[in-house]
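The structure appears right after this line, and notes come after that.
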Amino acid sequence: MTIKPVRKAVFPVAGQGTRFLPATKAMPKEMLPVVDRPLIQYAVDEARDAGIEEFIFVTGRAKSAIEDHFDRSSELERSLEERGKLDALASIMDGVLEPGQISYTRQQQPLGLGHAVWCARNLVGDEPFAVLLADDLILAAPGCLKQMVETYNRIGGNVVAVEDVPREHTDRYGILDVSNDDGKIAEAKGLVEKPAPADAPSTLSIIGRYILQPEVFRELDRQEAGVGGEIQITDAIARTIGEVTFNGLRFDGRRFDCGNQLGFIEANIAFGLARDDISRELREVLKSY
Ligand code: UTP
């Protein structure tokens, strides 16, 4: 079996972010900052660190702030340089990608994550690719996608990041029907999107990191809606099991669901505490509560 390298990553950022209204009325959810960087920047940095060379954004209405964020801003760069604010200058230059490394396509209607990924099919072409959901923020070293790429380079197929969730929460996630489990990697014979706790085949849930083979596009072409009337990526992946192996990697690290308020606040605390420049003072602030 030849295992093709993962060179491209898709960032679906076309969701409406209704759980974060009113903050997301005029600003994309993916631009919410954790400490001082927007969520999408963490995802792009994680992908870059994992060796990704091409960055494909699936955007939608009111998402232009994301394109601006990854663009050069000559005026700001010049002004920071003139005023000697070199750390600030370095912080914005750090996020800039090479010309041509980044491309954008639009999901014209938010029909679900599967549909958003399908919108990137022509940019991905016939090769494996990663999908990163920026609102699942992961504190890990090495980064979660890097851990997944290392696993993928050994075993190939589809590899997703998984974690155990409380059984009462299975109806929020795609859940694995496990056939083989060595404690680190769980092979699945099926997947169920958002099962009721009583019906869930396990409590092992998919979180927002995927390495997928292009066969998934053939299934997404069917445009079949699943749970909640949305076109689900898990349904399309599930239909390729048998043809493509499916493995869940229990990554080392901690995930924060920044799509909801509590997860987002916790992420700010955890990432703040992980920062040398503010951790001591943040600890004092937290104690005062
Ligand atoms: P969510 O399920 O969190 O949906 O999407 P959402 O619309 O962003 O937020 P809520 O539930 O209304 O609060 C997970 C990821 O998939 C993208 C989102 O942008 C987010 O990164 N997504 C979702 C799309 O790109 N298109 C869609 O149609 C749905």
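The values are calculated or read from the model by the stated rules, or taken from the named source; none is laboratory data. What you see is a predicted model; the values in this text were computed from it and never measured. Positions of Cβ are backbone-derived with ideal geometry, glycine not excepted, and every protein chain shown enters the neighbour counts.
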Result of the Cβ filter at 7 Å on segment 220-244, keeping first residues that are in contact (Cβ under 8 Å) with a residue 12 or more places away in the chain and assigned to a loop (DSSP other than H, G, I, E, B) and partners that are crowded, with 17+ Cβ neighbours inside 10 Å and among the small types (Gly, Ala, Ser), at least 6 apart or interchain, is Glu230/Gly112; Ile231/Gly112; Ile231/Gly114; Gln232/Gly112; Gln232/Gly114; Gln232/Gly226
Among residues of segment 164-208 being in contact (Cβ under 8 Å) with a residue 40 or more places away in the chain and within 16 Å of the ligand (Cβ to nearest atom), the residue surrounded by the fewest Cβ atoms within 10 Å (Cβ to Cβ) is Val165
Among residues of segment 242-256 being over 21 Å from Asn153 (Cβ atoms) and modelled with pLDDT of 95 or more, the residue farthest from the ligand (Cβ to nearest atom) is Arg254
Taking segment 265-280 and keeping residues under 22 Å from Leu32 (Cβ atoms) and charged (D, E, K, R) leaves Glu266, Arg275, Asp277
When Ser279 is run through (1) in contact (Cβ under 8 Å) with a residue 12 or more places away in the chain; (2) among the small types (Gly, Ala, Ser); (3) exposed (fewer than 14 other Cβ atoms within 10 Å of the Cβ), the failure sits at (1)
Those residues of segment 100-138 which are polar (S, T, N, Q) and over 23 Å from Tyr173 (Cβ atoms) amount to Gln101, Ser103, Thr105, Gln108, Gln109, Asn122
Note to self: Is it the case, given these coordinates, that Asp126 is within 20 Å of Thr234 (Cβ to Cβ), modelled with pLDDT of 95 or more and charged (D, E, K, R)?
What the structure shows: no
Within segment 209-243, restricting to residues that are among the β-branched types (Val, Ile, Thr) and over 27 Å from Ala50 (Cα atoms), the one that is surrounded by the most Cβ atoms within 10 Å (Cβ to Cβ) is Ile231
By my count, helices (runs of 4 or more DSSP H) wholly in segment 84-179 with at least 1 residues that are in contact with a strand residue (DSSP E or B) (Cβ under 7 Å, 6 or more places away or on another chain) and within 17 Å of Ile207 (Cα to Cα) are 113-118, 144-155
